[in-house]
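Undergrad: Okay, handing you the structure first.
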Amino acid sequence: MSKQILDDPEKIEAIDKSKMLSFCVNAARLYGEGASLAAKIQVSYPTPDNIIIAGMGGSGIGGDLLKDWARNKLEVPIEVNREYALPQYAGKKTLVLITSYSGDTEESLGAFLDALKRKCMIFCVSSGGALLEHAERLRVPFLRVPGGMPPRAALPYLFIPLLLGLEKMGLVSGASEELSESLKLLGKISKDNAPEKPATENFSKTLASNVGKTAPVVYGFGIYRAVAMRYKQQFNENSKIPAKWEVFSELNHNEIVGWENAGELGKSFSAVFIRDEEEPVEIRTRIEITKELVGKLGLRSYEVQGQGKSVLAKMLSTICIGDFTSVYLAILRGVDPTPVKTINYLKDARKRNGVREKILEELAKLH
Ligand code: PA5
């Protein structure tokens, strides 16, 4: 796909009408604001036996990032819940973090109701909606974040408070230092991938143009599991293309066979490998063999390298590149990255079946 359009500010402005690109350009500032918001968190819960983060789409991904980041630090199990109800083990000793940017997402409200019924320790992060209305009345602690953004662009406001909130509770350590490193790095990445940087020197513009008309398949591993998921979500919602994500080494046990007879179909996909200078040797060899295999089977392969020293910096640096790439790809495809009309259509259609009303009625009865 021709990259020229990405060097034309007028064309970018005409397509990116609601300025999704500005969230990528301002990543360092927004993640810094996420930290300032987190400073307001006041919780006095005892150490939980387990943690559940309940959220969907752009709000749920923060939970997955937290889970990956905390894997080698947190002493208690952590799970992301994308159901209307919580898993059976959830109870009084479970810390439930409800994240919904709008505060009106049906599944998140259902999980909130279930957490209340099970007398879990609850904390909500949202810009408002029914979630905060009920949290306020029921005296459930919450953090209100600024509204008016697409939920996926509000990741810094949703994820960083979860991270620093756990640190405040003494459940993890090192988050603040890792965030300081990340903010410096994000400032640099945003400059290097900004619209003013010509495509010839701009990694994200180049990756977007390479992915072009294909459907990206994003391969992550370890700390880049949820990062790969975020890429897929951003390609879907910003670029409006089908995309999928998989993780090493599981993908070597099924996914890889799927390309065997793909034939012409294989040419419709590109593989994007998330890599890291410090990737474990067992993963490195798997990535290299897989790259070779998918290449032979007709897929084009690209790589994104994690940057920085800390786990958080590595995660946020790759996310920032993916966010930029998905917006540039939208621009190349001539689609406005911001509106998600199918999600909105579905949410409206769901409202008509009464499930949401029933959840809200039950919540109201608890006052
Ligand atoms: O990015 C989006 O718009 C969606 O993925 C939403 O995040 C998702 O539908 C959940 O909505 P909310 O984030 O308001 O809870």
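The values are calculated or read from the model by the stated rules, or taken from the named source; none is laboratory data. These numbers were taken from a predicted model, which means no experiment stands behind them. We place every Cβ from the backbone using ideal geometry, glycine too, and count neighbours over all the protein chains shown. Only protein heavy atoms, including side chains, enter the accessible area calculation; ligands, DNA and RNA are left aside. Shrake-Rupley method; radii C 1.70, N 1.55, O 1.52, S 1.80 Å.
Undergrad: Considering only residues of segment 14-36 that are within 26 Å of VAL76 (Cβ to Cβ) and more than 16 Å from the ligand (Cβ to nearest atom), which is least open to solvent (accessible area, probe 1.4 Å)?
TA: Across segment 14-36, the extreme among qualifying residues is TYR31.
Undergrad: Identify all residues within segment 195-242 that are open to solvent by less than 20 Å² (accessible area, probe 1.4 Å) and in a loop (DSSP other than H, G, I, E, B); write none if there are none.
TA: ASN202, GLY212, THR214, ILE241
Undergrad: Check LEU37, LEU30 and return the single one that is assigned to a helix (DSSP H, G or I) and out of contact with any Lys or Arg (no Cβ under 9 Å at 6 or more places or on another chain).
TA: LEU30
Undergrad: With the structure loaded, tell me whether ALA130 is among the hydrophobic types (A, V, I, L, M, F, W, C), buried (at least 24 other Cβ atoms within 10 Å of the Cβ) and assigned to a helix (DSSP H, G or I) or whether it fails that test.
TA: It is false that ALA130 is among the hydrophobic types (A, V, I, L, M, F, W, C), buried (at least 24 other Cβ atoms within 10 Å of the Cβ) and assigned to a helix (DSSP H, G or I).
Undergrad: Of everything in segment 258-305, what is of a type in the set (A, V, I, L, M) and open to solvent by 40 Å² or more (accessible area, probe 1.4 Å)? Give them in sequence order.
TA: Within segment 258-305, LEU265, VAL281, ILE289, LEU293, LEU297 meet the criteria.
Undergrad: State whether one or more residues within segment 191-214 are under 17 Å from GLY306 (Cβ atoms), within 22 Å of the chain's Cα centre (by Cα) and free of Cβ contacts under 8 Å to residues at least 40 places away in the same chain.
TA: Yes: segment 191-214 contains one or more residues that are under 17 Å from GLY306 (Cβ atoms), within 22 Å of the chain's Cα centre (by Cα) and free of Cβ contacts under 8 Å to residues at least 40 places away in the same chain.
Undergrad: With the structure loaded, tell me whether PRO161 is within 15 Å of the ligand (Cβ to nearest atom), open to solvent by 10 Å² or more (accessible area, probe 1.4 Å) and in contact (Cβ under 8 Å) with a residue 24 or more places away in the chain or whether it fails that test.
TA: No; evaluated as a whole, the condition is false for this residue.
Undergrad: Follow-up. Which members of segment 77-104 meet the condition of being within 13 Å of the ligand (Cβ to nearest atom), in a loop (DSSP other than H, G, I, E, B) and in contact with a strand residue (DSSP E or B) (Cβ under 7 Å, 6 or more places away or on another chain)?
TA: Passing the criteria: TYR101, GLY103.
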